[in-house]
1. Shape of the range B:49-115 from its Cα gyration tensor (a ≥ b ≥ c, root eigenvalues): rounded if a/c is under 1.5, otherwise prolate when a/b > b/c, or oblate?
2. Taking the Cα centroid of the range A:61-111 and of the range B:1-77, what is the distance between the two, rounded to the nearest whole Å?
3. Please check which bits of the range A:8-39 a label hung off A:Thr108 would reach, taking the label as a point 7 Å along Cα-to-C-beta and the cut-off as backbone N under 19 Å.
4. Using a cut-off of under 14 Å, list every residue of the range B:88-110 whose amide N is near the label point 7 Å from the Cα of B:Glu59 along the Cα-to-beta-carbon line.
5. From Cα coordinates alone, what are the radius of gyration and Dmax values for the range A:1-58 in angstrom?
6. Compute the label zone of A:Asn38 within the range B:83-115: residues whose backbone N is under 17 Å from the point 7 Å along Cα-to-Cβ.
7. Looking only at trypsin sites (Lys or Arg not before Pro) in DSSP loops with at most 14 other Cβ atoms within 10 Å, what is the longest site-free stretch of chain A?
8. Can you spot the lysines whose alpha carbon is less than 27 Å from B:Lys14's alpha carbon? Ignore those fewer than 8 places along the same chain.
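Nothing in this text is a laboratory measurement; each read-out follows from the coordinates by a stated rule. The structure displayed is predicted, hence computed values, not measured ones. A quick note on method: Cβ atoms are made from the backbone with ideal geometry, for glycine too, and the neighbour counts reach across all protein chains shown.
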Amino acid sequence: SQQGEEDPQALSIQEGENATMNCSYKTSINNLQWYRQNSGRGLVHLILIRSNEREKHSGRLRVTLDTSKKSSSLLITASRAADTASYFCATKIQGAQKLVFGQGTRLTINP
Amino acid sequence: GAVVSQHPSRVICKSGTSVKIECRSLDFQATTMFWYRQFPKQSLMLMATSNEGSKATYEQGVEKDKFLINHASLTLSTLTVTSAHPEDSSFYICSALSKGNEKLFFGSGTQLSVL
């Protein structure tokens, strides 16, 4: 079973609108991170939220974490065409070195 | 920010040959490096975790004799795909973690095509 599952798998919105992506996970975590991947490139770290935090902001990004529901959301406000990319959540499981990545959301911002 | 350099970005090889991919941390010491494989429009599949100076830990189902990983220094890890087959064609990405850090820094990936 997947540790991180994201929805929607794909999202297409108009420039200027807000984009929300969700991530669910199954086991206890130390932190949850969001990454962005442009097509054919590596991933770039966006934001990290710890298990004892509920919300975090970074520029146009807002991340929430609900450990009781084992879920997180990433909100991108005032979207731009340059935000077009795939977005992945990744969970740092307690006691493990590795991050487990979700399936990702492919976001398309239409100009 | 920290930079991870991955080379080559693209390689085409004949079936049966071996291909080496390098992953370097340019401005920090990477105590741990991870190697992933990614198919089109899919997520990253972790292949192995390598800690400097010790043997890599492979994920279930990943053949360690086929995907050789070496992490001989704090700034360099290599993945060698041995006796490559067309089914090994994929996008391979490395990432690095420094001691005390929690976020990963990724290389730009290597697109491997085996003919």
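1. Prolate is the answer for the range B:49-115, as a/c is 1.5 or above and a/b outweighs b/c.
2. The range A:61-111 and the range B:1-77 have Cα centres spaced 24 Å from each other.
3. A:8-22, A:37-39
4. B:91-95
5. Cα radius of gyration and Dmax of the range A:1-58 are 13.2, 36 Å respectively.
6. Label zone hits: B:106-111.
7. That would be A:81-111.
8. Qualifying lysines at Cα under 27 Å: B:Lys41, B:Lys64, B:Lys66.
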